[in-house]
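K.L.:
Here it is, the structure, as structure tokens.
Readers should treat all values here as calculations from the given coordinates under stated rules, not as data from a laboratory. Just so you know, these numbers come straight off a predicted model, no measurement behind them. For neighbour counting, all protein chains shown are included, and Cβ atoms are generated from backbone atoms with ideal geometry for every residue, glycine included.
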Amino acid sequence: MNVIANNATVLVVGAGIMGVGIAQVAAQSGHSVRLYDTRGGAAEDAKRKLGKTLDALAAKGKLSTDSVARTLECIEPVASLDAAQGAALVVEAIVENLEAKRTLFRELEAIVAPTCVLATNTSSISVTAIANGLAHPGRVVGMHFFNPVPLMKLVEVVSGLHTDGNVAESIFELSKRWGKVPVHARSTPGFIVNRIARPYYAETLALLAERGAEPAVLDACLRGAGFRMGPCELMDLVGHDTNFAVTRSVYEANFYDKRYVPSLVQREMVDGGLLGRKSGRGFYDYREGSGAPKPAAFEAAVAPSATRVVIHGEGHVAERFVAALSGRVFERQPGSDWTGIEVDGASLRLTDGRPASLLGIDVAVFDLPIAAPAEPGAPLAFATSTRCSPAWSDAASKWLRAAGFHAQRVADTPGLVVARTLAMLINEAADAVQQGVCTPEGADAAMKLGLNYPAGPFEWLSRWNVHAVISLLESLDAHYRGERYRVSPELRRRAWNAA
């Protein structure tokens, strides 16, 4: 393995936010770091700004003054690429442009030693394409950090077709020494995080397109499932122009696979300049500092009176209804093929992907409370059959509130909100594993560390059920009749093994 020593010289090319963050992490790990940028004075300015940031952290007691001094002493702004001589590693963090990165690496090959590793911090460009045409393409590897670099633990170590396995392993080990958590990835569109994350945005945008729910309701439901931010507020934060561009690039790179098709809703927002926080308006209005509206406060309810109540199924969801009926007479059907509650012939069911309208007249379906045991008052979507009586529609909401859920009414669409989103995240991760992009463990680590997901897709799968996930995806596919919801072969294989 081509080991990069702890005291090896590192050249960082690009003195923007990512580049200076990488330089900081390398310097704090004891490396002599040279920082280069084509813009005159940019490297010096970046070091000065970093010094102010580190001094502020020292003033708060988060860093010692000695460690700040040592870090800054290790970073040397340089005026020429000739400073790459003697470097064991070059990390580029320049503009996301294939030809620019190729040109840089061609210039570096004439300067650095044959053993020097050339790492790219690209978030979306093929590592194979960047290495194409170089004299030593085997030393080119992706080293994809996440912003802000000093705080975010994840590094995607991306191997292209030419990448030498020893080179990838050396970067993997170096990342660990820098205090990061590396995961191996194969160079495919979006790598791990940007690929697997697409459904988190796409399913919400699809629901908005068919007027399934308002942004605030969708955000509340997904926060209730444990996500720190709902997809609408997250897209507003990232910027709709940025999010739309990433989606479009993944769509085009996958030869226009319908699974990644961009949203007309988002394109219209970009065309109209509604970019989110950066423009003052997106899904929410930030001009007065208000942002996303909060849902109404949760009001618990007493289980409505009924002549005959039957609790179907087992597990934590069924037990929530049992608790709501404390001191009441009810029946149990633990072997039922659905989970929920039956009240005088009407039913309130945990979604299996089918709309309520396909299941009967007085039928309501509710979303997947994956964050078990859900906190009392956690928002949870529900929908009623188009033929449902007003009385049962109202009662269904009360039964959910009696069970401790903050019922959020949405349109009767397959899979509701959380269930369809998680099923698609799981499905995308399964495809990534099936195609050799990453391991299940790598997918889980990447999504938790790169995007602060409450769990990884395969952790969700273990809490759920592979047959239930497939059934839900098949319901979505039957309803929308397109390629978008096709089931991953990896999930099929897991279902066969679980049978």
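K.L.:
Rounded to the nearest 5, what % of the DSSP beta bridges within the chain are antiparallel ones?
P.N.:
Here the antiparallel bridges make up roughly 30 percent for the chain.
K.L.:
Moving on. Mind ordering 314-326, 422-434, 290-302 by average Cβ neighbours within 10 Å, highest first?
P.N.:
Per-residue Cβ counts within 10 Å, averaged per peptide and sorted highest first, yield 422-434, 314-326, 290-302.
K.L.:
Under the definition of Cα pairs under 8 Å and six or more residues apart, what whole-number percent is the relative contact order of the chain?
P.N.:
11
K.L.:
Taking a cut-off of 20 Å between Cα atoms, list the aspartates and glutamates near LYS258, but don't count ones fewer than 8 places away on the same chain.
P.N.:
Reachable aspartates and glutamates: GLU203, GLU210, GLU268, GLU428, ASP431, GLU474, ASP477, GLU483, GLU490.
K.L.:
So which of LYS62/LYS101; LYS49/LYS294; LYS62/LYS176; LYS60/LYS448; LYS47/LYS153; LYS60/LYS176 end up more than 31 Å apart by C-alpha?
P.N.:
From LYS62/LYS101; LYS49/LYS294; LYS62/LYS176; LYS60/LYS448; LYS47/LYS153; LYS60/LYS176, over 31 Å: LYS62/LYS101; LYS49/LYS294.
K.L.:
Follow-up. Give me the base-10 log of I(q)/I(0) for region 342-417 at each q in 0.23, 0.25 Å⁻¹, Debye formula, one uniform scatterer per Cα, rounded to two decimals.
P.N.:
-1.00, -1.16
K.L.:
Oh, and also: Using the scaling law 2.2 N^0.38 Å as the reference, what is the normalised Cα Rg of region 47-117?
P.N.:
The value comes to 1.45.
K.L.:
If you project the alpha carbons of region 71-220 onto the principal axes, what extent comes out on each, in Å, largest first?
P.N.:
Projected onto the principal axes, the Cα atoms of region 71-220 cover 58, 36, 29 Å.
K.L.:
So for each of 101-108, 121-128, 338-345 I average, over its residues, the number of other beta carbons within 10 Å; can you give me the resulting order with the highest mean first?
P.N.:
121-128, 338-345, 101-108
K.L.:
Further, regarding this structure: What are the aspartates and glutamates whose alpha-carbon lies under 15 Å from the alpha-carbon of LYS52, with same-chain residues fewer than 8 places away excluded?
P.N.:
GLU44, ASP66, GLU73
K.L.:
Mind checking Rg over Rh on region 283-324, alpha carbons, Kirkwood formula for Rh?
P.N.:
My calculation puts Rg/Rh at 1.30.
K.L.:
To continue, here is another question. Quickly estimate the mean residue ellipticity at 222 nm for the chain, helices only: each DSSP H run with n ≥ 4 gives -39500 (n - 2.57), and the total goes over all residues, rounded to 500.
P.N.:
After summing the helix terms and dividing by the residues of the chain, the value is -12500 deg cm²/dmol.
K.L.:
Suppose we look only past 38 Å in the calculated P(r) of the chain. What percent of the Cα-Cα pairs does that tail hold?
P.N.:
36
K.L.:
Sort largest first and round to whole Å: the equivalent ellipsoid semi-axes of region 368-461, each the square root of five times a Cα gyration tensor eigenvalue.
P.N.:
Gyration-tensor ellipsoid for region 368-461: 33, 16, 8 Å.
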